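Heads up: the structure comes next, in structure tokens.
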Amino acid sequence: MDNTPLVLAQLPALLDLAAIAAGALFGTAVAVARKAPLVGVMLLGVLMGLGGGMIRDALLDVPVEALHNDMFLPVAVGVSLLGLPIARRITEHPYVGLALDGLSLGMFVMVGTEKAVILGYSASAAILIGLITAIGGGTIVDLLVGERPMVMRHGPWFASAAVVGAALFVVLYPFIVTGLVEVLVVATVASIRFTSERMGYAAPSVQTLRNIKRK
């Protein structure tokens, strides 16, 4: 008997919805900054909010919740449209946008990693799923607007922050109350993302390894 639905019931849908809303709002801000038409705004918001989760569910071989949950798509579309006034303000205040970026990144990492852990995947697999969930939607959006995906750019912590958050979840999950782990992961990822961008701290790169080797 397949007990996957019962297992996944341990992951509150509200967590997924919150991550989708944050991602969709950030995607809307990206679309507004590029003066996209209304359909483009909805498309980028939906892809940013749902893209990573759809890839995650396909890899985990479970039903794609974005297509089966009656709330997910309406929330992504609704936030994309109703969030337009907020999105305009986000584009005017980069720190607000950066904070939202960090928050959505952290929430996607947390939800993706937790889902993999609940389904019984290994620690390394859960970290990979958390990373893909976090960067999947943003990568699709970057490609659509003709930009090099953030994960492939040298600069402030982005994917690296997601890896740290996913690893933190895997380490703490067996020992600490789940709700506290979720908060710690989101806060850690968001803080790393915001601080590294604000202070100009670059994520580790090949050049970093070469410099260490020389020393």
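The values are calculated or read from the model by the stated rules, or taken from the named source; none is laboratory data. Values in this document were obtained by computation on a predicted structure and should not be read as measured data. Positions of Cβ are generated from backbone atoms using ideal geometry, with glycine treated the same way; all protein chains shown enter the neighbour counts.
Run Val39 past the list (1) over 30 Å from Ser124 (Cβ atoms); (2) touching a residue at least 40 places away in the same chain (Cβ under 8 Å); (3) of a type in the set (Val, Ile, Thr) and report the number of the one that doesn't hold.
(2)
Suppose we filter Thr113, Thr139 for residues that are of a type in the set (S, T, N, Q) and within 15 Å of Gly23 (Cα to Cα); which single one remains?
It is Thr139.
Give the residue that is nearest to Gly106 (Cα to Cα), with candidates limited to residues of the stretch 154-172 that are in a loop (DSSP other than H, G, I, E, B) and either touching an Asp or Glu at 6+ places or on another chain (Cβ under 9 Å) or in contact (Cβ under 8 Å) with a residue 60 or more places away in the chain (or both).
Restricting to residues being in a loop (DSSP other than H, G, I, E, B) and either touching an Asp or Glu at 6+ places or on another chain (Cβ under 9 Å) or in contact (Cβ under 8 Å) with a residue 60 or more places away in the chain (or both), the top hit is Phe158.
Have a look at Gly138, Gly179, Gly120, Gly200 and point out the one that is surrounded by 12 or more Cβ atoms within 10 Å (Cβ to Cβ) and of a type in the set (Gly, Ala, Ser).
Of the residues listed, the single one that is surrounded by 12 or more Cβ atoms within 10 Å (Cβ to Cβ) and of a type in the set (Gly, Ala, Ser) is Gly138.
Can you find, within the stretch 97-112, the residue that is surrounded by the most Cβ atoms within 10 Å (Cβ to Cβ) among those that are of a type outside the set (Phe, Trp, Tyr) and within 10 Å of Arg56 (Cβ to Cβ)?
Gly112
Out of Ser122, Ser196, Ser104, Ser205, report the one residue that is without any contact (Cβ under 8 Å) to a residue 24 or more places away in the chain, of a type in the set (Ser, Thr, Tyr) and either over 29 Å from Ile90 (Cα atoms) or in contact with a Phe, Trp or Tyr (Cβ under 8 Å, 6 or more places away or on another chain) (or both).
Answer to the selection: Ser122.
In the stretch 135-166, how many residues are under 18 Å from Thr195 (Cβ atoms) and over 12 Å from the mean Cα position of the chain (by Cα)?
The total comes to 8.
Need pairs with beta-carbon distance below 6 Å; first residue of a type in the set (A, V, I, L, M) and part of a loop (DSSP other than H, G, I, E, B) and within the stretch 6-29, second modelled with pLDDT of 85 or more and surrounded by fewer than 23 Cβ atoms within 10 Å (Cβ to Cβ); sequence gap 6+ or separate chains.
Leu11/Ile118
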